[in-house]
Amino acid sequence: MPGVGKIDELMRRWSQEWTAEPHFDAGYDVYSVLWEATERYYGSNHYGIRPNFERVLGEMTALASWLSPPPFGNPIIEAIEGGGPVGALQWLCSPSDEPAARKLIVSQQAFLLERLANHMRDLSAKFEARPSEISDYTEFFGQLRDRFDLGIYNLNYDTVARNAWPDAYCGFDHYGNFDPSRVAQRREWGFIYHLHGSVHHSISDRTRRIEWKDDLGSDFTDHLETAPDMALDFRPAPLTTLIAGGFKLDQLLSEPFQTFYSSLIRHAQDADAFLIAGYGFGDPHVNRALRNGFVRPDDDAPRPKAVVLEKTPHEHPQTATRQSHDHWAYQLRHTLDIAFHLTKDHLEGRLTVRPFIENEEFEPDISGRVAVWHGGFREAFPSAGKIADRLSRAR
């Protein structure tokens, strides 16, 4: 499945295809213009923050919101010189064109998300056709289920987790209808919730709600042209099958996402242990739910344990020297309320993560509650027992 970098490339290509649409003039590629502006803005910063497709989609939402006519949009635009976009986006600044410009931006977002959904759907269908390739995933999750009551919050859109655990409850009934009351009242674990959407999601033409389709070869509807009136200041938050970009809390107001997020908050309080796999700590709403689960109001209450599976280059410094300036390490430290040892060797930049990877060991935080596995998610599968031991309250 493609990583963020690959999706960035695809989005740039799809955005250029958008300009070939016959009903829009060439050059109205807002995504590409905002990508270049974001790239210039971040420049060569030392915090590891770079443009990616989600950041740029978020900036499109912000721009479309600002272009909404009063009393919607953002009144701060009155304090900006000229009251509108600049540079390559000057064509947007005519007041008479504001509704059309807003519609154009939202339409391009919908086009890009639809292309992403179809692309991920095609890849997932090919993956499902090769069941032998998921045996290691199945074994890994099986070992965890032998030791724990397991629930999975999947931030990816693909089917990999579900292929590895097909019997997990996903929040939809046998007819593909979402059942929010059952999810909200459910006390047992044994679930996979797709917090940011799934390739199995489609918007029903009849009910205008998201439904589940098992057959990836079916016809899917991935967005509605009409934006729901649920976002602050009429910010454009059209109903889509995938949640991506900025202002995710606005997007999460529709179902099934709101109920899944409510469950995440509850489970973060209930869980004894967390396995965080391949997460870049880039979603504030997820970070806050995790932090609220780790920082218990009673200082005497036992805090949960966590293992973080990350794919780190061998020559990267250990987390102690990165925790104040590297974006991932900084967010890790603040989300889980932890810190790592800082020694003289750390200060002199001599320590890398190579020994942890080569020796298949964890890098622990100071408290010993949280440990980072730098060798990668898939590479950790043979060490499922070691990971489960680390997460156990008995250790």
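Quickly work out the residue 350-to-residue 139 label distance, labels modelled 7 Å from Cα along the C-beta direction, and quote it in nm with one decimal.
Rounded to a tenth, the inter-label distance reads 3.9 nm.
The stretch 240-371: Rg/Rh from Cα coordinates, Kirkwood Rh?
A ratio of 1.01.
State in Å² the accessible area per residue of the chain; use a 1.4 Å probe, count heavy atoms of protein chains only, and round to the nearest integer. Before the final figure, lay out each step's value.
Values: 19770 Å² over 395 residues.
In whole numbers, the chain has 50 Å² accessible per residue.
Run through every distinct alpha carbon pair of the stretch 326-395 and return the Kirkwood hydrodynamic radius in angstroms, one decimal place.
Result for the stretch 326-395 stands at 13.4 Å.
Considering only Cα-Cα distances, which of the following residue pairs are longer than 32 Å: 6/248; 311/344; 213/305; 6/103; 248/305; 344/386? Walk me through the intermediate numbers first.
Numbers: 6/248 22 Å; 311/344 26 Å; 213/305 36 Å; 6/103 28 Å; 248/305 27 Å; 344/386 30 Å.
Those over the limit are 213/305.
Roughly how many debye, to the nearest 20, is the charge dipole of the stretch 149-199 about its Cα centre, given +1 on each Lys and Arg Cβ, -1 on each Asp and Glu Cβ, and no other charges?
My answer is approximately 100 debye.
Starting from the Cα of residue 343, step 7 Å along the direction of its Cβ; do the same at residue 79; then give the gap between the two resulting points in nm.
Each label point lies 7 Å from its Cα, and together they span 4.9 nm.
Give a residue-ordered list of calculated ³J(HN,Hα) values for the stretch 354-362 (Karplus: 6.51 cos²θ - 1.76 cosθ + 1.60, θ = phi - 60°; whole Hz; x for Gly, Pro).
Per-residue couplings from phi come out as 3, x, 5, 5, 5, 9, 6, 10, 8 Hz.
What is the stretch 102-162 by shape, rounded, prolate or oblate, if you read a ≥ b ≥ c off the alpha carbon gyration tensor as root eigenvalues and call it rounded for a/c under 1.5, prolate for a/b larger than b/c, and oblate otherwise?
Oblate is the answer for the stretch 102-162, as a/c is 1.5 or above yet b/c matches or exceeds a/b.
Pick out which of 110, 79, 320 has the largest mean-square fluctuation in a Gaussian network model of the chain, springs linking Cα atoms closer than 10 Å.
79
Give me the percent of Cα-Cα pairs in the stretch 155-278 that sit more than 27 Å apart, rounded to a whole number.
Percentage above 27 Å: 17.
Computed FRET efficiency, Cβ-Cβ of residue 314 and residue 219, R0 51 Å: what is it to the nearest 0.05?
0.65
Which percent of the accessible heavy-atom area of the chain goes to carbon and sulfur, probe 1.4 angstrom?
51
For the chain, take N as its residue count and report Rg(C-alpha) divided by 2.2 N^0.38 Å. Write out the running numbers ahead of the final one.
Working: Rg = 22.3 Å, N = 395, 2.2 N^0.38 = 21.3 Å.
For the chain, the normalised Cα radius of gyration is 1.05.
The values are calculated or read from the model by the stated rules, or taken from the named source; none is laboratory data. Since this is a predicted model, take the numbers as computed values, not measurements. Neighbour counts are summed over all protein chains in view; Cβ atoms, including those assigned to glycine, are modelled from backbone coordinates with ideal geometry. Accessible surface is based on the protein model in full, side chains and every heavy atom, while ligands, DNA and RNA are left aside. Shrake-Rupley method; radii C 1.70, N 1.55, O 1.52, S 1.80 Å.
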